[in-house]
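Below: one structure, written as C-alpha cells.
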Amino acid sequence: MTHTMPHGAALLLAFIREAEVGRNDRASYDVIYAHRQGGLTKPLTAMTLGEVIAAQKTWSKAHGSSAAGAYQFMRATLIGLLREIPWLKEEQIFEPALQDRLGLHLLNRRGFASFVSGEISATEFGRRLAMEWASLPVLADTDGDRRRVRRRQSYYAGDGCNKALVKPDRVEAVLRQVLLPLAPRMRHRNRRRTCRPQRCGPKCGTGPLPVPGGSGHGC
C-alpha cells in the first residue's frame, strides 16, 4: 500500500484482495481469472497498463473472464479508469502500487467517504461494494443485476458466472473495523451537536442546540 492510503481503505482493500483471489500478499497482484497467470509470457505486474488491456481482449474467451490483478479489474473497468483518471497512462507499469491506487479509486467511487462520514449505512455501502466486486455478498435482500437477490448472495447471482465467496457477517465485521478508529471522533461530533445541560439548563436535557437567532429548541 502507498503511504497516502487511509488506514480504513487499506484494511478494506486487503479484505477485497483475499475475497477476489484467495490471498492478500504480494503474489495476489499477479493473479488473473481462474489463476491462469502461469501461462503469461511475463508477470502481470511487469506489464504496462496498455499491455494488460490488450492481453485481456483474449482472456474472456480463453479463460472465461478478463479479470486481472489483486482486485480482478475487468477490461472494461480498466478502459473506463484510463478515460476517467487524468494521471493514468497506458505506459504505466501495472505494479502493486498502481493497482492499489486504482482499487482506492473504485472504493471512493462506490462511496467510501460517504460511508466513513456516516452519510450512508454499512448495508448500502455493502451493496455498492458488491456491485463492484462480485465475490462480495449483498448485506440485505435487494434488486441485483439480473434478479432479486438475497442477503449473502452476489449482486450478480444468476449470471452463470459469479457467486459470493465470503459470508456477509465477515464483510460487516471488516466494515466495523474500518469505522473503529473513527468512533471517538464521531462521538465527539455527536456531543457537539447536542445540548449541554451546563450551558442550557436542566430543562434542556440532551436536545439539539438552538440555532443562533432562530427559534430552534428553547433552553
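The values are calculated or read from the model by the stated rules, or taken from the named source; none is laboratory data. In this text the structure is predicted, and so the values were computed from the model without any measurement. Using ideal geometry, Cβ is built from the backbone for each residue, glycine included, and neighbour counts are taken over all protein chains shown.
Among the residues of region 119-133, are any surrounded by fewer than 19 Cβ atoms within 10 Å (Cβ to Cβ), farther than 17 Å from VAL21 by Cβ, touching a residue at least 60 places away in the same chain (Cβ under 8 Å) and out of contact with any Gly (no Cβ under 8 Å at 6 or more places or on another chain)? No, region 119-133 has no match at all.
Residues of region 143-155 include none that is in contact with a Leu (Cβ under 6 Å, 6 or more places away or on another chain) and either modelled with pLDDT under 90 or among the small types (Gly, Ala, Ser) (or both).
Taken over region 124-159, the criterion of being in contact with a helix residue (DSSP H, G or I) (Cβ under 7 Å, 6 or more places away or on another chain) and not charged (D, E, K, R) is satisfied by PHE125, GLY126, TRP133, SER135, LEU136, PRO137, VAL138, LEU139, ALA140, THR142, SER154, TYR155.
Restricting ARG101, ARG26 to those that are crowded, with 18+ Cβ neighbours inside 10 Å and basic (Lys, Arg) reduces the list to ARG101.
If you filter region 1-23 down to residues that are touching a Lys or Arg at 6+ places or on another chain (Cβ under 9 Å) and among the hydrophobic types (A, V, I, L, M, F, W, C), you find that the one that is surrounded by the most Cβ atoms within 10 Å (Cβ to Cβ) is ALA19.
Answer yes if at least one residue in region 58-76 is outside the structural domain of ALA173 (by TED's automatic domain parsing), surrounded by fewer than 17 Cβ atoms within 10 Å (Cβ to Cβ), touching a His at 6+ places or on another chain (Cβ under 9 Å) and of a type outside the set (A, V, I, L, M), and no otherwise. No, region 58-76 contains no residue that is outside the structural domain of ALA173 (by TED's automatic domain parsing), surrounded by fewer than 17 Cβ atoms within 10 Å (Cβ to Cβ), touching a His at 6+ places or on another chain (Cβ under 9 Å) and of a type outside the set (A, V, I, L, M).
Quick one: which of THR41, THR45 is assigned to a loop (DSSP other than H, G, I, E, B) and over 26 Å from GLU172 (Cα atoms)?
Details: THR45 fails: assigned to a loop (DSSP other than H, G, I, E, B).
Sole residue among the options that is assigned to a loop (DSSP other than H, G, I, E, B) and over 26 Å from GLU172 (Cα atoms): THR41.
Inside region 165-196, can you point out the residues that are farther than 16 Å from PHE125 by Cβ, touching a Leu at 6+ places or on another chain (Cβ under 9 Å) and at pLDDT 90 or above?
Taking region 165-196 and keeping what is farther than 16 Å from PHE125 by Cβ, we get 165, 167, 181, 183-185, 187-196.
Keeping just the survivors that are touching a Leu at 6+ places or on another chain (Cβ under 9 Å) gives 165, 192-196.
Answer for region 165-196, where residues must be farther than 16 Å from PHE125 by Cβ, touching a Leu at 6+ places or on another chain (Cβ under 9 Å) and at pLDDT 90 or above: just LEU165.
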